[in-house]
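Structure first, then comments.
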Amino acid sequence: MNPILKDVRKEIETERLVLKMPVPGDGAVVNKAIQDSREQLRPWLGFVQEVPTPEDTEVNTREAHAKFLTRENLRYLIFLRETGEFVGSTGFHNINWEIPKLEIGYWIDTSKSGKGYMREAVAALTEYAFKELECVRVEIRCESGNLKSRSIPERLGYDLEGILRNEDLSVDGQRLTDTYIYAKVAQ
């Protein structure tokens, strides 16, 4: 089946959150979170090395919308259910619809960190991947030094399948890093 024919939810709700497909106009709220969180995100995310302009983020958000429609990547923006306040971004990347398997990535507005929002969002995506998208494998990859990011798959019961040593360069290009690979597989 052509992936574009795959039915995918544009919105996923949890107890406290709403995960939504990005749409044109979302770039401003995403850019503000990047600006406000840039120092904490810079060690881990390439797109924060040079802080994007609001226009850059709007372009990126519109590209994410297009990739969502073609099922190439399924990014979700996370909002608080009660207030509509932006929390962060998560989604499915490196999708292989033939297997089917995918990887979950995420980042959070650091003013919202420590409240369990990202764990709640990733738990919802994990369940959705297995129950509705019928995936047989879900991965989360984290740089070894990013302990906050690693805590999410660890708390959600993902298995640490391996550590790829000296596998990548840090986002600033200054040192080699190890990548932790966590996974859950269908039973």
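Within region 151-187, being on the phi > 0 side of the Ramachandran plot and either open to solvent by 90 Å² or more (accessible area, probe 1.4 Å) or acidic (D, E) (or both) holds for one residue alone: N166. Answer yes or no as to whether R141 is among the charged types (D, E, K, R) and in contact with a strand residue (DSSP E or B) (Cβ under 6 Å, 6 or more places away or on another chain). Here the answer is yes, as R141 does meet what is asked. In the set (1) closer than 17 Å to C135 by Cα; (2) crowded, with 17+ Cβ neighbours inside 10 Å; (3) among the hydrophobic types (A, V, I, L, M, F, W, C), the condition left unmet by I99 is number (2).
The set of residues in region 135-153 that are under 22 Å from S170 (Cα atoms) and not hydroxyl-bearing (S, T, Y) comprises E139, I140, R141, C142, E143, G145, N146, L147, K148, R150, I152, P153. Here is a check on your reading of the model: is R81 basic (K, R) and either open to solvent by less than 40 Å² (accessible area, probe 1.4 Å) or farther than 19 Å from S151 by Cα (or both)? Yes: the conditions hold for R81. Search region 33-47 for residues that are over 17 Å from S149 (Cα atoms) and pair each with any residue that is at pLDDT 90 or above when their beta-carbon atoms are under 6 Å apart and the residues are at least 6 apart or on different chains. Listed pairs, sorted by first residue: A33/F86; A33/D109. Screening region 159-187 for residues that are assigned to a loop (DSSP other than H, G, I, E, B) and touching a residue at least 24 places away in the same chain (Cβ under 8 Å) and picking the one that is farthest from L147 (Cα to Cα) gives A186.
Against the list (1) surrounded by 14 or more Cβ atoms within 10 Å (Cβ to Cβ); (2) in contact with a helix residue (DSSP H, G or I) (Cβ under 7 Å, 6 or more places away or on another chain), the condition V18 fails is (2). T53 falls short on exactly one of the conditions (1) exposed (fewer than 14 other Cβ atoms within 10 Å of the Cβ); (2) out of contact with any helix residue (DSSP H, G or I) (no Cβ under 9 Å at 6 or more places or on another chain); (3) under 30 Å from R175 (Cα atoms), and that condition is (2).
G116 meets all of the listed conditions (1) of a type in the set (G, A, S); (2) on the phi < 0 side of the Ramachandran plot; (3) without any contact (Cβ under 8 Å) to a residue 12 or more places away in the chain but one, namely (2). Filtering region 107-129 to residues that are open to solvent by 50 Å² or more (accessible area, probe 1.4 Å) and not small (G, A, S) leaves K115, R119, E127.
For K10, the test of being modelled with pLDDT of 95 or more, closer than 23 Å to Y117 by Cα and exposed (fewer than 15 other Cβ atoms within 10 Å of the Cβ) is passed.
Inside region 26-45, can you point out the residues that are among the small types (G, A, S), open to solvent by less than 50 Å² (accessible area, probe 1.4 Å) and within 25 Å of A66 (Cα to Cα)? The answer is G27, A33.
The values are calculated or read from the model by the stated rules, or taken from the named source; none is laboratory data. Being a predicted model, the structure only gives us computed values, none of them experimental. Here Cβ is always computed from backbone atoms with ideal geometry, including for glycine, and neighbour counts include all displayed protein chains. We work out accessible area using only protein heavy atoms, side chains counted, and drop any ligands, DNA or RNA first. Shrake-Rupley method; radii C 1.70, N 1.55, O 1.52, S 1.80 Å.
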